[in-house]
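Just below is one structure, and these are the notes that go with it.
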Amino acid sequence: MKNKVYDSGRVEKKPASEYISSRFGSERMQQIDIIERNAVQKMVGMLPQDFAVVDIPCGSGRLLPEFAKAKSVYAFDINASMLAEAQKNNPGEQYKFQVASAAEIPLPDGAVDGLVCMRLLHHVADKKELEDIISELSRVTKGYALITFYRKNILKILWRKITGKRVRGNPKKIDDMELLCQKAGLSLIESIKVPKTQQTMFLLKKNS
Ligand SMILES: C[S@@+](CC[C@H](N)C(=O)[O-])C[C@H]1O[C@@H](n2cnc3c(N)ncnc32)[C@H](O)[C@@H]1O
């Protein structure tokens with residue numbers, strides 16, 4: 001059965017060509033960029049030679065150069081202008097671009113050795129959508145997956161509410177996320193907290 005088509009309007013407000021420079025322009029965000037790239041490289045190091053990977057959402061292609069040695073890189077995003085920018089910046093033959101939702105990835109089961117889903121799940125508020133996305137990620141990989149989300153820091157959320165500040169994204173409890181991944185057939189190898197942020201990365205392995 002097909003997953004529901006979600007339309008939560010998560011479209012980047014800035015032009016696609018400005019996403020990387022505006023989001024990762026500050027010194028702090030450049031450090032976070034390095035931490036995220038290192039995590040991608042850690043996963044890449046676990047993959048076989050001539051590996052195939054998915055990057056969803058690939059956005060404007062920030063992480064695609066990390067897969068320069070891959071045989072096939074499937075780069076998906078729901079925003080066609082982000083995808084066009086990603087394609088312009090990554091002309092290598094191994095890169096294949098297609099508009100697609102993370103809840104419905106146009107690939108067969110176990111199509112790739114590894115998969116990256118970076119900076120999407122903190123946008124997802126709907127529990128069923130989150131479940132659909134995690135199970136879709138698990139379906140498509142036969143090896144590893146690297147996902148990110150915002151972890152719930154109750155004190156920080158309370159403090160932001162008290163001080164009238166906006167609570168960012170849709171944070172999730174680490175244990176709930178681990179359980180969700182486990183139910184979808186993905187076991188947690190490592191949980192990586194990005195210092196001084198809510199950003200958390202899960203390096204996961206598909207259960208055999
Ligand atoms: C914050 S960007 C992250 C891009 C990239 N992963 C990175 O870390 O640089 C979020 C991207 O998610 C895309 N997006 C939002 N919802 C999506 C969905 N359900 N499926 C696929 N892409 C989605 C947006 O179009 C946007 O390009």
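The values are calculated or read from the model by the stated rules, or taken from the named source; none is laboratory data. Everything numeric in this text was worked out from a predicted model, so none of it was measured. Neighbour counts are summed over all protein chains in view; Cβ atoms, including those assigned to glycine, are modelled from backbone coordinates with ideal geometry.
Which one of the conditions (1) touching a residue at least 12 places away in the same chain (Cβ under 8 Å); (2) within 15 Å of the ligand (Cβ to nearest atom); (3) part of a helix (DSSP H, G or I) does residue 138 fail to meet, given that it meets all the rest?
(2)
Tally the residues that are more than 12 Å from the ligand (Cβ to nearest atom) and among the acidic types (Asp, Glu), restricting the search to the range 92-107.
Number satisfying all stated conditions: 1.
Given (1) assigned to a helix (DSSP H, G or I); (2) more than 10 Å from the ligand (Cβ to nearest atom); (3) crowded, with 17+ Cβ neighbours inside 10 Å; (4) not basic (Lys, Arg), identify the lone condition not met by residue 41.
Going through the list (1) assigned to a helix (DSSP H, G or I); (2) more than 10 Å from the ligand (Cβ to nearest atom); (3) crowded, with 17+ Cβ neighbours inside 10 Å; (4) not basic (Lys, Arg), residue 41 breaks only (3).
Looking at (1) more than 16 Å from the ligand (Cβ to nearest atom); (2) out of contact with any Leu (no Cβ under 7 Å at 6 or more places or on another chain), can you tell me which one residue 122 breaks?
Of (1) more than 16 Å from the ligand (Cβ to nearest atom); (2) out of contact with any Leu (no Cβ under 7 Å at 6 or more places or on another chain), only one is false for residue 122: (1).
Scan the range 141-155 and tell me whether some residue there is over 21 Å from residue 46 (Cβ atoms), assigned to a helix (DSSP H, G or I) and away from the ligand (no atom under 16 Å from the Cβ).
yes
Residue 164 - would you say it is without any contact (Cβ under 8 Å) to a residue 24 or more places away in the chain, over 16 Å from residue 204 (Cβ atoms) and not in a helix (DSSP H, G or I)?
Taking the combined requirement at face value, the residue satisfies it.
Given 147, 133, 154, 105, which one is modelled with pLDDT under 95 and hydrophobic (A, V, I, L, M, F, W, C)?
Working: 147 fails: modelled with pLDDT under 95; 133 fails: modelled with pLDDT under 95; 105 fails: modelled with pLDDT under 95.
Answer to the selection: 154.
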